[in-house]
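Here's the structure, in structure tokens; my notes come after.
All of the numbers you see were taken from the coordinates with simple rules; none came from a lab. This is a predicted model, so every value here is computed, not measured. Virtual Cβ from ideal backbone geometry, glycine too; neighbours counted across all protein chains shown.
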Amino acid sequence: MKKMLLIAIIALPLLVFAEKEPVGYLGVSTSELDEAMKTALDLEHGVLVEKVYEDSPAEKADIKIGDVILEIDEDKITDYKTLKNIVKDKPNNKVKMKIYRSKKSITKNVVLGERTKTRISFDIDIPDMEELKELLCKGSEELKEQMAKLKQEMEKLKEDIKNLKKQIK
């Protein structure tokens with residue numbers, strides 16, 4: 001229970017002050033083409049569509065399971081990350097998508113959708129190395145001064161103890 005409370009205390013302010021950012025959405029799950037698939041299909045690049053989500057821009061554009069997405073607006077799609085980065089930067093944009101289907105290369109116009117992505121950023125002022133060195137040096141100077149004072153006090157205490165011993169004898 002304490003862990004959940006701690007998480008809520010930390011996460012809630014982060015979510016309240018998080019920025020909402022629109023990102024593009026296609027609505028497919030893909031896998032990368034391995035070398036055997038590239039050879040069999042006689043392709044150099046692309047990603048294989050494994051799932052098309054219902055009511056997604058991909059479904060509306062008649063993208064099918066088994067299609068290979070080759071390009072979006074003439075940008076080659078080499079892997080999922082490339083596809084994701086191109087799509088996310090174009091919410092609600094109409095793009096020209098080149099796909100490979102049934103031994104043919106075809107072009108489809110797709111209007112990408114939009115989703116909201118929550119972004120949390122931190123603005124932390126970290127001193128540069130010169131500032132850090134200066135702070136450390138300043139701190140070590142103060143420490144040296146305090147150590148010198150402490151040493152003087154210790155010497156004085158030793159002297160006082162010595163005098164007390166003499167008076168007792």
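Before moving on, here are some points about what is shown:
- Per residue, the average separation of C-alpha pairs within less than 8 Å and at least 6 apart gives the range 17-119 a relative contact order of 35 percent.
- Packing here is the average count of other Cβ atoms within 10 Å per residue, and on that basis the peptides 94-100, 60-66, highest first, run 94-100, 60-66.
- Debye-sum result for the range 14-122 in log10 I(q)/I(0), which assumes one identical scatterer on each alpha carbon, at q = 0.18 Å⁻¹: -0.84
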